[in-house]
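Encoded as structure tokens, the structure appears first; notes follow it.
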Amino acid sequence: MLEAALGLVERDGLGALTMRKLAAELGIEAMSVYHYVPNKDALLDGLVERVVERAVEARPAGGTWREALREYALALRRTLLAHPEVVPLLASRPALTARTMATVEAILDTLREAGFSPARGLRMIHAITGLAIGEAAVYAGAGPDALGPNAVDAESFPLLAAAVREGAAGLDGRFDFALSALLDGFAEAAAG
């Protein structure tokens with residue numbers, strides 16, 4: 001059912017998701033949907049859960065805490081870019097389901113094994129998650145080439161134009177830079 005809901009949202013937008021439309025998508029009576037989810041909030045939480053699960057499936061077992069967080073961030077962003085209509089849900093819903101909390105718990109365990117306290121680990125996860133959601137939202141709204149090489153008047157804004165020419169405005173490079181800076185900061189804080 002969540003796959004059908006996700007497909008409906010991707011095709012028609014988040015605003016089009018109603019229990020009646022989902023039932024029609026599934027070929028069942030509208031009231032039958034309530035056998036699977038108690039209400040629309042539970043359905044929306046399920047969509048968030050499904051997207052987070054897809055991101056975590058790519059998380060490698062073992063490896064360093066840095067590799068685990070990096071892969072989680074890249075996978076979450078990749079998943080959000082594949083499902084841009086769901087990005088507002090992740091930005092607006094706490095997603096405190098048993099499955100999403102199990103995901104956080106698994107990452108916290110990796111961080112604890114590396115010497116981070118649970119509180120510091122949770123802050124790290126929130127920072128990485130916020131970065132991935134924010135960048136996916138920008139990408140979904142602006143598209144991959146929002147600030148192309150000819151978008152800036154080089155005479156009026158020479159430094160900005162130079163930065164754009166060097167690729168600093170590219171969304172992929174910007175994400176990689178921010179992610180590396182966050183991970184470097186986490187490592188520095190741990191060492192200090």
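Taking the stretch 99-109 as the range and being in contact with a Leu (Cβ under 8 Å, 6 or more places away or on another chain) and modelled with pLDDT of 90 or more as the test, only LEU108 passes. Residue-level check: of (1) exposed (fewer than 13 other Cβ atoms within 10 Å of the Cβ); (2) in contact (Cβ under 8 Å) with a residue 12 or more places away in the chain; (3) within 30 Å of GLY13 (Cβ to Cβ), HIS126 misses just (2). Considering only residues in the stretch 91-118 that are of a type in the set (A, V, I, L, M, F, W, C) and farther than 15 Å from TRP65 by Cβ, the one that is most open to solvent (accessible area, probe 1.4 Å) turns out to be LEU96.
The values are calculated or read from the model by the stated rules, or taken from the named source; none is laboratory data. The model shown is predicted, which means the values in this text are computed figures rather than measured ones. All Cβ positions, glycine included, derive from the backbone under ideal geometry; neighbour counts span all protein chains shown. Quick note on the areas: whole protein, heavy atoms, side chains included, nothing else; ligands and nucleic acids left out. Shrake-Rupley method; radii C 1.70, N 1.55, O 1.52, S 1.80 Å.
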